[in-house]
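Following: one structure in C-alpha cells, then a few remarks.
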C-alpha cells in the first residue's frame with residue numbers, strides 16, 4: 001500500500017496562511033517593481049507568480065519549506081525587491097525588502113510552528129562565534145554615529161546588517177540534509193542562469209531586458225571587449241558572486257554521491273568559471289589559484305592513491321587545460337590592460353588612510369565615506385573618481401573602507417567575521433562526513449577568495465545581493481557546526 005501524507009485541517013490552514021503571506025509580499029513587490037518595465041518582463045514575472053501560487057497551494061509543510069528555500073537562494077542573484085528611502089549614493093542607498101529576506105521570515109514562521117507542534121529541544125540553535133562576530137560589527141556601527149556626518153546613512157546600513165544577520169541565522173538553523181541540499185541546489189541553479197545571462201551580454205554587448213531583477217541596460221566595456229554584469233549589475237560585483245560560489249560548486253561535485261546532483265554541480269562549476277571569465281575581473285581571477293586548489297587538496301588528496309581516481313581526474317584536467325589555453329590570449333590582454341580603475345587604487349588607498357589617521361577609533365560613520373571622502377582627504381587622491389552630484393567615490397579596498405568608516409574598533413569586529421568563519425570551518429572540517437566536509441571547504445574557500453579580492457575592490461558590502469551571499473555562506477558553515485554538535489549530544 002502506497003503511503004500518502006495527510007495533513008490535519010489546522011496545519012492546512014497554517015500552510016495556506018504562510019503561502020498567502022509569501023505570495024502577497026511578492027505580489028506587492030512585483031506591483032511596485034514592474035510598473036517601470038516593458039511588457040516581456042511583466043509577462044515573465046506574472047508567469048512565475050502564477051506558478052508559485054499553484055505550487056504553494058498544493059504543498060505540504062515539507063514541500064513549502066523546499067520551495068521557500070529555493071526562492072531564498074534564487075533571490076540572491078535575482079534580487080526582486082522594493083527599495084525604500086532610496087537615494088543616489090555610493091554605498092547603501094536604501095532599505096531593500098526583497099524575496100530572499102521575505103523567504104527568511106517565512107522560514108522563521110515555519111520553524112516556529114514546527115517547534116510549537118513538536119515541543120522538543122530549543123527553538124533555534126546557533127554557533128556562538130558565528131553569531132557574536134556580526135553582532136559586534138553591528139555594535140561598532142552604532143559607535144560610528146559619534147563622528148557621522150549623516151546619521152541617516154548609518155541607519156540605512158545598520159538596517160541592512162540586521163537583515164543580513166536574520167538571513168545568516170535562519171540558514172544556520174537548517175537541520176536536515178534535505179534542507180541544505182535544496183539551498184545548495186538553488187545556488188547552483190542561480191550560477192547556471194547567471195552565466196547564461198552574462199555570456200549573452202559578453203558576446204552581444206546588449207542586455208536581455210531583465211532590469212526588474214537587477215540587470216543593467218548597458219554592460220561596462222573596455223574598448224576591445226564587453227564586460228558582463230548579469231543581473232548583479234556591475235562586472236566586478238558579479239565576479240564576487242562567482243568567486244564565492246565556484247569553490248562551493250566544485251566541492252559539492254566531489255562530495256555528492258547522487259548522479260543527478262553531480263551533474264548539476266559539474267554544470268554549475270563549469271558555468272561559474274565561464275561567468276567569471278565574462279566579467280573580465282582581474283581581482284576575481286587571482287583568487288582561482290587559491291580557492292580551487294584548496295578545495296581539491298581537502299576533497300581529493302586521499303583518493304590520489306587510487307588508480308580509478310586518476311582515470312576520472314585526468315580527462316577533467318585535460319579539458320581544463322584546453323579551455324585555459326583557449327582563453328589565455330584574452331586573459332593576457334586583460335591583465336596587461338591599464339585603466340583608470342587600476343591606476344586609482346594606490347591614490348584612493350592613501351586618501352582613505354589619511355582619514356583613518358584623523359578618526360582612528362570610531363571612524364567617520366558607517367556608510368558615510370563617500371559623503372566625506374573629499375572633505376577629510378589630505379592627499380587629493382579621492383578626486384580620481386566622481387559620481388552624480390560630484391560626490392567622491394569609495395576606496396577600492398574593503399578593509400580600508402571599513403576602517404575609515406568605523407575606525408579600529410569596527411575593523412577589528414569586521415575582521416572577526418572572517419576569522420570566526422575560517423576558525424569554525426576548519427575546526428569541524430575533518431570531524432564531519434565527506435558531504436558536510438564539501439560544504440565546509442567550499443564555503444570557506446569562497447570566503448577566502450573574497451578575502452583576497454577585498455584588498456583591491458570594495459567587496460561584498462557594495463551591494464545587497466553579494467552581501468546576502470556572503471552571510472549565507474557563513475550561515476551554512478554554522479549549520480554544519482551546529483548539526484555536528486547536536487548529533488554528538490544526542491549520542492551521549
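Only the coordinates and a few stated rules stand behind these numbers; no lab work does. Everything numeric here is computed off the predicted structure, so don't read it as measured data. For neighbour counting, all protein chains shown are included, and Cβ atoms are generated from backbone atoms with ideal geometry for every residue, glycine included.
Test of understanding: ordering 414, 169 by Cβ neighbours within 10 Å, fewest first, what list do you get?
On the way: 414 24, 169 20.
Neighbour counts put them in this order, fewest first: 169, 414.
For each of 361, 131, 88, count neighbouring Cβ atoms within 10 Å of the residue's Cβ, then give the residues from fewest to most.
88, 361, 131
Sort 436-445, 393-402 by packing, meaning the average of other beta carbons within 10 Å per residue, with the highest value first. Before the final figure, lay out each step's value.
Values: 436-445: 26.0, 393-402: 23.5.
Answer by packing, highest mean first, reads 436-445, 393-402.
Could you work out the percent of alpha carbon pairs in segment 379-467 separated by over 23 Å, rounded to a whole number?
Cα-Cα pairs of segment 379-467 separated by over 23 Å account for 38 percent.
Within 10 Å, count the other beta carbons around each residue, average over each peptide in 135-142, 256-263, 187-194, and list them highest first.
Details: 135-142: 18.6, 256-263: 12.1, 187-194: 22.1.
Put in order of decreasing packing, that is 187-194, 135-142, 256-263.
For labels at residue 138 and residue 109 in the simple 7 Å Cα→Cβ model, what's the distance in nm?
With each label point 7 Å from Cα toward Cβ, the separation is 2.1 nm.
What share of Cα pairs, in percent, lie more than 17 angstrom apart in segment 124-254?
Summing the P(r) tail past 17 Å for segment 124-254 gives 70 percent.
Cut-off is 10 Å between beta-carbons; in what order do 146, 240, 265, 126 appear when sorted fewest neighbours first?
146, 126, 265, 240
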